[in-house]
Amino acid sequence: MKKRNIALFCGLFLLASQLTGCNQTTSVQPEKEELKVEQTQDTTQKEDIKEEQEIKVSVTDFPKETDPERYALAKKQLDEYHAKYPNITLEPTDWAYDINSFLPKAASGQLPTMYGTWFTEVNKIVDAGYAADITDIVKEWGYDKYLDPNMLEVLSKDGRIYGLPIGGYSVGVMYNTDLFKQAGLVDDGGNALIPQNFEEMAQFAQTITEKTGVPGFFFPTKSNQGGWMFTTLAWNFGAEFETFEDGKWKAVFNSPEAVQALQYIKDLRWKYDVLPDNLLVDYGDFFKYFGTGQVAMAFSTLDWLNSPVVDYKMDKDLVGMFGLPVGPAGEEGRGVLMGGTVRMFSPNATPEEIDAVFKYLEITGYTPNADPEVEKTLQETVQADLAIDKIVGPYGLSPWGSGPRREAEIKILTENANVDMSQFENYLTHGMTDLRPEEPIATQELYKLLDSVVQTVLTDEKADPQKLLDQAVAEFQANYLDKQQ
């Protein structure tokens, strides 16, 4: 790789964190779903690779043996792949993307054929020359016709495609149904009431705190997650963070709307007093607090539902989720954060190698089709989740948008639901609309800077939101955006 590209990439990744808004786990991984449909010629399994041609490829994010059900399923799929394509050797690794280990691999030309990362990293990776242009092969497989347009836009540059979305998420609010009931926040049927706006959400949190003694709300402040969730909140106050004006990127998050959003966070601590005593927290802390009944609500993604259940043995019947309430910007100004995980390909990979990996993705169920093999894979995945008592039923964003695969996933999930789906109805109706991707430039650096801003207003009652954001804008502009011009 040219030195110029390496230097550029180093600069782009300066101060980025390992745990990001798009990570998650997957990511807030969209759930799996089902239905049959007539196959189209351009999306059926391709047989382009000559059988006599020996090909060797590698992929990341293989399940670890510490997750026995997932590992067993992945191993079974790998065996099926090798049996079907004896001329291809696919080597999996459980290595997962993080910035510190990615750069040495990329700079030395040792990236796996296919590797995973987050939506926020795509622009940096593409600009540094560390990803293959897969536009032609995506079209050959017919995937471009089915991929979710919001996700496809994030993974494209100048009309070319550089990644395949694997999982997506949209931010909603996870809540403890039992704490809502203890606080009397239920309707005549005993179902939890849903706050309709941000002010009402703060009031609900205050009621829960006062009547149960349990903090009503959780807001992260470290690991880039405070800044991540602050952007989500502030959009709904009408704030913007980065704008492109006169050919240059400009930081604009010191507007009255952004100040109002920061004041809202400050009020959660000093006006409503609804936060846990420990204010230096991230979502690892939330999973523990929520899973042990020590907090009632937090911004969350659907794929995080199972962390409190699996890791802290929380009763899955006490978990619910609703869509992001309406902010001061109103319905028209509503912005629901969308992110996710993506698979990208080494710039050194040949078309034949990329095609070989696409064949592997089909074996694992990554396809817009809903044929019997896909249904079988989706059913196996759901059964693996049911075996360890994970929440099954609610579904999030899908790489495939709408169509046969999406319908198939929803059908399988809902037919196998092991929770009261009414506790997720509001999220399923309102949680996947008005989507917005994360800020495009120096995203993780922005989050890191805003972490400190959020920490300050929660620990210093006299902190001035306007002054804090003025300082942050000046620093972000000088240290990051000006260097992008």
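The values are calculated or read from the model by the stated rules, or taken from the named source; none is laboratory data. This one's a predicted model, so the numbers in the text were calculated from it and none came from an experiment. For neighbour counting, all protein chains shown are included, and Cβ atoms are generated from backbone atoms with ideal geometry for every residue, glycine included. The protein model used for the area step is the full one, side chains on, heavy atoms only, and it has no ligands, DNA or RNA in it. Shrake-Rupley method; radii C 1.70, N 1.55, O 1.52, S 1.80 Å.
Here are the numbers for the structure shown:
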read-out: Rg/Rh for segment 343-485, where both radii come from Cα atoms and Rh is the Kirkwood radius; value: 1.13
read-out: Relative contact order of segment 156-279, pairs being alpha-carbon contacts under 8 Å that are 6 or more residues apart, as %; value: 19
read-out: Separation of alpha-carbon centers, segment 455-473 and segment 386-413, rounded to whole Å; value: 41
read-out: In order through segment 291-305: 3J(HN,Hα) via Karplus (6.51 cos²θ - 1.76 cosθ + 1.60), integer Hz, x for Gly, Pro; value: x, 10, x, 9, 7, 9, 8, 6, 4, 7, 10, 5, 6, 8, 3
read-out: Kirkwood-based shape ratio for the chain, expressed as Rg/Rh from alpha carbons; value: 0.97
read-out: Over segment 347-387, volume per residue of the alpha carbon convex hull, in Å³; value: 85
read-out: Average accessible surface area per residue within segment 106-232, 1.4 Å rolling probe, Å²; value: 33
read-out: Mean-position separation - Cα centroids, segment 148-162 and segment 234-248, in angstrom; value: 21
read-out: Heavy-atom accessible area order for Thr433, Thr232, largest first, 1.4 Å probe; value: Thr433, Thr232
read-out: Portion, in percent, of the accessible area of the chain that falls on carbon or sulfur, probe 1.4 Å; value: 48
read-out: Cα gyration tensor shape for segment 149-201, rounded if a/c is under 1.5, else prolate or oblate; value: prolate
read-out: Amide H partners (placed H, <5 Å) of Arg436, local residues excluded; value: Val336, Leu337, Met338
read-out: Long-range tail of P(r) for segment 232-306 (Cα pairs > 21 Å, %); value: 46
read-out: Heavy atoms of Thr209 accessible to a 1.4 Å probe, total area in Å² rounded to 10; value: 30
read-out: Loop-located GluC sites (Glu not before Pro) in segment 294-392, at most 14 other Cβ atoms within 10 Å (DSSP); value: Glu331, Glu332
read-out: Too-long pairs where the Cα-Cα distance tops 23 Å, listed order kept, from Lys266/Lys467; Lys56/Lys76; Lys271/Lys462; Lys76/Lys124; value: Lys76/Lys124
read-out: Within the chain, helix-based [θ] at 222 nm, where runs of 4 or more DSSP H residues each add -39,500 (n - 2.57), nearest 500; value: -12000 deg cm²/dmol
read-out: Inter-part distance where segment 354-378 and segment 293-324 are each reduced to a Cα centre, Å; value: 30
read-out: Length-normalised contact order for segment 338-485 - Cα pairs under 8 Å, 6+ apart - percent; value: 20
read-out: Histogram of C-alpha separations across segment 413-469, 5 Å bin width, %; value: 4, 13, 14, 11, 10, 12, 13, 13, 6, 3, 1
read-out: Contact order normalised by residue count of the chain, Cα under 8 Å, 6+ apart, percent; value: 29
read-out: Rounded accessible area per residue of segment 251-351, 1.4 Å, Å²; value: 35
read-out: For the chain, share of DSSP beta bridges that run antiparallel, in % to the nearest 5; value: 70
read-out: In segment 269-350, the trypsin sites (Lys or Arg not before Pro) that fall in loop regions by DSSP, at most 13 other Cβ within 10 Å; value: Lys271, Lys313
read-out: Radius of gyration and Dmax over the Cα atoms of segment 298-408, both given in Å; value: 18.0, 52
